[in-house]
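What follows is one structure encoded as structure tokens, with my remarks underneath.
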Amino acid sequence: MTERLRIAVQKKGRLADDSFAMLKKCGLRFSIRGGALLARVKNAPIDLLLVRDDDIPSFVSTGAADLGMAGENVLVEEVLTSGNTMDALIDRRLGFSRCSLCLAADANGQIQSAADLEGTKIATTYPGVLGKYLKENNINATSVEMKGAVELAPSIDIADSICDLVSSGATLEANGLAAFETILNSEAVLIKSSREFAGEKQAIYDSLVSRIDGVIRSADSKYIMLNAPKSAVPEISKILPGSDAPTIIPLGDSDLVAVQAVCTENVFWETLEDLKSKGARSILVLPIEKMLG
Ligand code: ATP
Ligand code: ZN
């Protein structure tokens, strides 16, 4: 029997769908059935362990899973609350589920900055990260640990402020709160232990991460095609965003050439207008689905 690489992913929640989408873009075929703890990938020696996000770092640390996908916020918290005994490291950043762990308080209240926290109570589900921040900044405040609904704490007098995840700020605003300090910026990360893979797992891992890197790189990448007078090519090459030397193809006997390039950065309308003013015509911007090498 061949070995299978086991990846722990969030079963259900704000990370789950994007984690599944990333793995599907890597070409993995699987289906998630309600209640199942394990999903078998049909076309690769990989199994998905479907769990709560908070458990992912320790599953990777103990070897119950070979890899994990979780928010950096959860990884940092679990490592800190384990007393740094956990062997779970960031292998690479995955570029989705971006959010920040912020301090927030009543938009019109007494607490408007970190300096106002002295002697107050802060509600959070992240006692590890908050505790480290308070210690490093020499702030004497009490952290009140909650399991959820942290944004309600100030209105029911459990705490004076909160330390919670923020992405758009809409939840804070709906509760009359405003963020005044960011203590951690987070995105989804691939988690791995420091141990080396034994046997066939290394090759399965190598193939998977080269696909993940390809998916991440192709996310913002575009393929640009345009026609231009040969003399305009140096100027045009300079403004193609994040591209190596473009491919130049002569067009018959005319002094026109076709220019084609992979742009690894977002291509804006302004860039296209710029290209046009330098003599480019018939400009096409195409999405790139996959990249390798
Ligand atoms: P579980 O039941 O697995 O413990 P949970 O309730 O702890 O789930 P979710 O609310 O699903 O967690 O959030 C999971 C992760 O998604 C967070 O730890 C964070 O990394 C990320 N996240 C949180 N809020 C947002 C957001 N508004 N936008 C994008 N990603 C977010
Ligand atoms: Zn959780």
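What are the residue pairs meeting all of these: first residue in the stretch 205-229, first residue under 30 Å from PRO250 (Cβ atoms), second residue of a type in the set (Lys, Arg) and assigned to a helix (DSSP H, G or I), Cβ atoms under 9 Å, and 6 or more apart or on different chains?
That search, which allows pairs on different chains as well, returns SER218/LYS25; LEU226/LYS276.
Can you list the strands (runs of 3 or more DSSP E) found entirely within the stretch 1-111 that contain at least 3 residues being in contact with a Lys or Arg (Cβ under 6 Å, 6 or more places away or on another chain)?
Once the strands (runs of 3 or more DSSP E) in the stretch 1-111 are filtered for at least 3 residues that are in contact with a Lys or Arg (Cβ under 6 Å, 6 or more places away or on another chain), what remains is 46-51.
With more than 23 Å from VAL215 (Cβ to Cβ), touching a helix residue (DSSP H, G or I) at 6+ places or on another chain (Cβ under 8 Å) and loosely packed, with under 11 Cβ neighbours inside 10 Å as the only criterion, which of ALA280, ALA245 stands out?
After applying the criteria, what remains is ALA245.
Scanning the stretch 245-290 for residues that are under 30 Å from the mean Cα position of the chain (by Cα) and of a type in the set (Val, Ile, Thr), which turns out modelled with the lowest pLDDT?
THR264
I'd like the full set of residues that are more than 20 Å from the chain's Cα centre (by Cα) and within 23 Å of PHE59 (Cα to Cα), limited to the stretch 162-205.
SER194, ARG195, GLU196, PHE197, ALA198, GLY199, GLU200, LYS201, GLN202, ALA203, ILE204
Pairs only if they're at least six apart or on different chains, beta carbon under 9 angstrom, first in the stretch 230-247 and at positive phi, second assigned to a loop (DSSP other than H, G, I, E, B) and of a type outside the set (A, V, I, L, M); list them, first residue then second.
Listed pairs, sorted by first residue: GLY242/ASP220; GLY242/SER221; GLY242/THR264; GLY242/GLU265; GLY242/ASN266.
Yes or no: ILE224 touching a helix residue (DSSP H, G or I) at 6+ places or on another chain (Cβ under 7 Å) and among the aliphatic types (A, V, I, L, M)?
no
Answer yes or no as to whether GLU265 is loosely packed, with under 11 Cβ neighbours inside 10 Å, under 29 Å from GLY214 (Cα atoms) and acidic (Asp, Glu).
no
Inspect all residues belonging to the stretch 117-124 and state whether any of them is in a helix (DSSP H, G or I), buried (at least 17 other Cβ atoms within 10 Å of the Cβ) and either touching a strand residue (DSSP E or B) at 6+ places or on another chain (Cβ under 9 Å) or of a type in the set (Val, Ile, Thr) (or both).
yes
Identify, by number, the condition in (1) in contact with a strand residue (DSSP E or B) (Cβ under 8 Å, 6 or more places away or on another chain); (2) modelled with pLDDT under 95; (3) not acidic (Asp, Glu) that ALA141 doesn't meet.
(2)
Could you pull out the residue among GLU270, GLU235, GLU289, GLU265 that is over 21 Å from ALA219 (Cβ atoms) and of a type in the set (D, E, K, R)?
Within the list GLU270, GLU235, GLU289, GLU265, the selection yields GLU235.
Going through the stretch 10-34 one residue at a time, which ones are away from ligand 1 (no atom under 16 Å from the Cβ), surrounded by fewer than 17 Cβ atoms within 10 Å (Cβ to Cβ) and touching a residue at least 24 places away in the same chain (Cβ under 8 Å)?
The one that is away from ligand 1 (no atom under 16 Å from the Cβ), surrounded by fewer than 17 Cβ atoms within 10 Å (Cβ to Cβ) and touching a residue at least 24 places away in the same chain (Cβ under 8 Å): GLY27.
Have a look at GLY242, GLY214, GLY293 and point out the one that is out of contact with any Pro (no Cβ under 6 Å at 6 or more places or on another chain), within 30 Å of ILE56 (Cβ to Cβ) and modelled with pLDDT under 95.
GLY214
Take SER167 and tell me if it is hydroxyl-bearing (Ser, Thr, Tyr), at pLDDT below 95 and in contact with a strand residue (DSSP E or B) (Cβ under 6 Å, 6 or more places away or on another chain).
Taking the combined requirement at face value, the residue satisfies it.
If I filter the stretch 40-62 down to residues being more than 16 Å from ligand 2 (Cβ to nearest atom) and in contact with a Ser or Thr (Cβ under 7 Å, 6 or more places away or on another chain), which single residue comes out as farthest from SER207 (Cα to Cα)?
Among those residues, the one meeting the criterion is SER61.
The values are calculated or read from the model by the stated rules, or taken from the named source; none is laboratory data. Here the structure is a predicted model, which is why all the values come from computation and not from measurement. Positions of Cβ are backbone-derived with ideal geometry, glycine not excepted, and every protein chain shown enters the neighbour counts.
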